[in-house]
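Laboratory data are not the source of any read-out in this text; all were calculated from the coordinates shown. Predicted model only: the values in this text are computed from it and were never measured. Here the Cβ is made from the backbone with ideal geometry for all residues, glycine too, and neighbour counts use every protein chain on show.
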Amino acid sequence: MPARSANQNVRLPDVSAQGKAALSPLPCAADAPEAAEDGGSRTLRRGLQLLDAVLASGREGLRVVDLCRIAALERATVYRLLATLMESGYVAQRGRFRYVAGPRLAALAQPHATDGLAARLQPVLARVSAACGDAAFAVVREGAISHCIARHVGTHPVQILVIQVGTRQPLGVGAAGLALLAALPQDDVARCIAANAAALGHYGGMTPERMNILVRATRERGWSVIGNHATSGVLAVGMAVHSTDGEPVAGISVASTLARMPRERQQLIARAMRESLAALLPKGL
């Protein structure tokens, strides 16, 4: 909204002929931004307190009651701050009651973690790609976003290179991201879908309702299938990759044309993924 001039819509008091009225000073325009800045700074400090506490707690995490005590905040305030931090990927929920460092905060603490994951997943992608001839991809989660960290080009004459290393897109619109999304706790799934709701329509008309259906189907099947969303005329199969603690930390996928992806072949590719992960990462990432 364009700013109004300083005197627009301001009505000055009448001044009588016998003397000037005593005018009280008008509020300074700079006072409002200063007050807003104070409130924003206070919220930021509180959020950083929670981040410091969660990061210091390590893999065990903290309960809301612990965070209330450490930060000296009311429970409702802690829940509100946690919701924002989880939506942004800085905090994640472990189990029903504990909160740990999220994927984005973990990446800040370990700048080379993504490179390490890519190096460990590359042999898996190579094995899967050799088994099917098509390109294989690996993604990790950054809040509500999937980030492609590795890919391996297959031997089939027609390669469907739907994304490149470095591509970021809403978590779930591709097969690897969908598998990773479906492996998350339901509260995290809901937050990711809500965060991406405005952008989903740009991916083949995806909707939050459709995404929820795909998540349920992925959980029932054990691996993901998605077509005509990230790229028209393409179908991909994906599977989640877990850490040594059993947490979903990555997703892998294979993409090809619809003609090369009948259901029987989808099942064969999913089996190749499962066997490759079991052989090369038996204890997880």
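Averaged over residues, the count of other Cβ atoms within 10 Å places the peptides 219-227, 45-53 in the sequence 219-227, 45-53, highest first.
Give me the dipole magnitude in Debye, nearest 20, for the range 64-214 about the Cα centre, with unit charges on the beta carbon: positive for Lys and Arg, negative for Asp and Glu. List each step's numbers first, then the result.
Numbers: 14 positive and 9 negative charges, 51 e Å.
Dipole size: approximately 240 debye.
Amide H contacts for VAL249 (H built 1.01 Å from N in the peptide plane; partners 5 or more residues away or on another chain; cut-off under 5 Å): VAL241, HIS242, SER243. Here the residues HIS202, HIS242, HIS229, ranked from fewest to most Cβ neighbours within 10 Å of their Cβ, fall in the order HIS202, HIS242, HIS229.
With a sphere of radius 11 Å drawn around the Cβ of PRO248, what net charge do the other residues whose Cβ falls strictly inside it have (Lys, Arg +1; Asp, Glu -1)?
-2
Computed extension gain for TYR79 through ALA53, at 0.36 nm per residue and net of the alpha carbon distance, reaches 7.9 nm.
With a 10 Å radius around each residue's Cβ, average the other Cβ atoms per peptide and rank 175-183, 243-251, highest first.
175-183, 243-251
Taking 0.36 nm per residue of separation and subtracting the Cα-Cα distance, full extension of the segment from ARG96 to THR43 would add 16.6 nm.
Shown in residue order for the range 159-173 are the 3J(HN,Hα) couplings computed by the Karplus curve 6.51 cos²θ - 1.76 cosθ + 1.60 at θ = phi - 60°: 9, 9, 8, 5, 9, 10, 4, x, 5, 10, 7, x, 4, x, 7 Hz (x for Gly and Pro). Exposure proxy shown here: for GLU142, GLU275, GLU74, the number of other Cβ atoms within 10 Å sets the order, fewest to most, as GLU74, GLU275, GLU142.
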